[in-house]
Amino acid sequence: STTLFPYHISRSDYYYWKDKQDSDFKYDDVMNDIINVFYTHKGRYGYRRIYLEIRKLYLSPILDMHNREIVSWDISKHPNYEQISNMLTIAFQKHPYIEGLIFHSDQGWQYQMNQYHKTLHEHGIIQSMSRKGNCLDNCVIENFFGKMKNEMFYGHEQEFKSFEEFVTAVDDYIDYYNNRRIQKKTNWIAPVQYTLYTSLVHT
């Protein structure tokens with residue numbers, strides 16, 4: 001909007017700054033990743049550590065906020081919509097009756113695609129998104145990422161000799177997290193067992 005600029009600015013300067021601002025939006029996802037890593041580590045990471053962390057592979061999980069279980073996930077070498085589609089397909093197969101569910105995500109480009117909106121709508125899901133540039137809105141899943149990185153990744157980076165080995169390690173960790181890792185939020189019960197516990201309590 002031209003109202004953001006002083007009236008005396010030249011036409012060439014206006015279009016220079018306008019084009020510069022528009023081009024910056026292309027890096028929103030990367031900027032959000034940098035912000036997430038910075039706050040996850042409470043400002044302790046410098047640019048080298050942040051770079052090493054965000055260049056890694058892409059894990060896309062769905063976390064159930066009722067029991068903190070990782071319902072489904074997909075790992076890819078590149079961020080693409082196929083990864084999101086695979087993640088959703090696995091989740092829908094596991095939980096086919098989810099009408100009225102609220103599904104939260106950040107503002108990544110994948111979650112703004114028409115196909116993504118359509119898929120959620122077809123399953124009766126209400127879409128929720130974080131505020132722009134605010135990683136705190138996504139703190140629950142970021143908390144999981146922090147646990148996973150500290151417990152199975154940091155200090156073990158050189159042990160993964162291939163993409164397949166890393167995928168296996170992530171799969172094993174999520175199985176452990178879901179079925180054996182106790183949590184304060186779930187009364188010191190692992191997520192899957194917590195679901196069984198609450199179902200017994202309410203019967």
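The values are calculated or read from the model by the stated rules, or taken from the named source; none is laboratory data. Bear in mind the structure is a predicted one, so any value in this text is a computation, not a measurement. Counting neighbours? That spans all protein chains shown, and the Cβs are built from the backbone with ideal geometry, glycine included. Heavy atoms of the whole protein, side chains included, go into the accessibility calculation; ligands, DNA and RNA do not. Shrake-Rupley method; radii C 1.70, N 1.55, O 1.52, S 1.80 Å.
Miscellaneous remarks
Yes/no per residue for (1) touching a residue at least 24 places away in the same chain (Cβ under 8 Å); (2) of a type in the set (K, R):
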{"position": "K132", "(1), (2)": "yes, yes"}
{"position": "H156", "(1), (2)": "no, no"}
{"position": "K161", "(1), (2)": "no, yes"}
{"position": "Y173", "(1), (2)": "yes, no"}
{"position": "N187", "(1), (2)": "no, no"}
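Matching residues to (1) of a type outside the set (V, I, T); (2) open to solvent by less than 60 Å² (accessible area, probe 1.4 Å); (3) outside any helix (DSSP H, G or I):
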| site | (1), (2), (3) |
| --- | --- |
| W73 | yes, no, yes |
| I84 | no, yes, no |
| L88 | yes, yes, no |
| I98 | no, yes, yes |
| Q110 | yes, yes, no |
| Y116 | yes, yes, no |
| H121 | yes, no, no |
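Results for (1) modelled with pLDDT of 90 or more; (2) under 14 Å from R68 (Cα atoms); (3) over 16 Å from the mean Cα position of the chain (by Cα), shown as yes or no for each residue.
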site	(1), (2), (3)
S105	yes, no, no
Q112	yes, no, no
N134	no, no, no
E151	yes, no, yes
Y177	yes, yes, yes
K185	no, yes, yes
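- Qualifying residue in the range 75-98 (condition: touching a Gly at 6+ places or on another chain (Cβ under 6 Å) and without any contact (Cβ under 8 Å) to a residue 40 or more places away in the chain): no
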